[in-house]
1. Might you let me know whether region 79-102 holds any residue that is assigned to a helix (DSSP H, G or I) and touching an Asp or Glu at 6+ places or on another chain (Cβ under 9 Å)?
2. When you scan region 44-54, do you find a residue that is of a type in the set (K, R), open to solvent by less than 80 Å² (accessible area, probe 1.4 Å) and within 17 Å of the chain's Cα centre (by Cα), even just one?
3. Determine, yes or no, whether K120 is under 23 Å from K27 (Cα atoms) and of a type in the set (K, R).
4. Between L131, L74, which is at pLDDT below 95 and in contact with a Lys or Arg (Cβ under 7 Å, 6 or more places away or on another chain)?
5. Looking at K88, K100, K83, which one is open to solvent by less than 30 Å² (accessible area, probe 1.4 Å) and touching a strand residue (DSSP E or B) at 6+ places or on another chain (Cβ under 7 Å)?
6. Give the residue that is nearest to V12 (Cα to Cα), with candidates limited to residues of region 126-148 that are free of Cβ contacts under 8 Å to residues at least 24 places away in the same chain and assigned to a loop (DSSP other than H, G, I, E, B).
7. Taking the stated definitions as given, is L106 out of contact with any helix residue (DSSP H, G or I) (no Cβ under 6 Å at 6 or more places or on another chain) and either buried (at least 16 other Cβ atoms within 10 Å of the Cβ) or at pLDDT below 90 (or both)?
8. Could you run through region 20-58 and say how many residues are of a type in the set (G, A, S) and not in a loop (DSSP other than H, G, I, E, B)?
Amino acid sequence: MLINISGGGGLVEYKTLGEVVSKNTFKQIGASELESMVITGGNVRLLPSSKNDNWWTNENISKDYLCEGEVITLGRARYANIKYHNGKFVSSNNCTITPKNKSQVLAKYLYYFIANHAEKFYVSTSTYPKLDSAIFDNFKIPIPPLPIQEEIVKILDTFTELEG
């Protein structure tokens, strides 16, 4: 589906998230193992599925679980806890997301879109909310041209800095 951007003179295509993202392409570690890696002053970010957002370690400690790239993580259960990171990391119990085609969609644009709609991807179970892959994969996302995505990211980054 194509939608005209008013005033922008261009068309925006809508695709499903399943068409534009790759999921779970990085190694995962258990939560207790991840917690045991936390140090002060490390250069490898730890990405737990919990709300903890400022955990770090180093390459020697992370060993075989060390990953690198631009990634978005969503907690698989209980909370969305969406995080964005570009660099070295270790992930625990997350759904990891990257763009399939970086010339089509920016990872940071995906991050802001997913964060804005996160509660829609979780369904209630008998114990706690759980990420529903079918809902996520079929959710429609507007894909404007890259320069517009870059401008959206710039505005949202600035707004986020002002909030923090």
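The values are calculated or read from the model by the stated rules, or taken from the named source; none is laboratory data. Keep in mind the model is a prediction, meaning the values are calculated, not measured. Because the Cβ atoms are built from the backbone with ideal geometry, glycine has one as well, and the counts that use them run over all protein chains shown. All accessible areas refer to the heavy atoms of the entire protein, side chains included, with ligands and DNA or RNA removed. Shrake-Rupley method; radii C 1.70, N 1.55, O 1.52, S 1.80 Å.
1. no
2. yes
3. So K120 fails the test.
4. Going through L131, L74 in turn, the sole match is L131.
5. One residue alone meets the criteria, K83.
6. Here the residue is D132.
7. It is false that L106 is out of contact with any helix residue (DSSP H, G or I) (no Cβ under 6 Å at 6 or more places or on another chain) and either buried (at least 16 other Cβ atoms within 10 Å of the Cβ) or at pLDDT below 90 (or both).
8. The number of residues fulfilling the criteria is 3.
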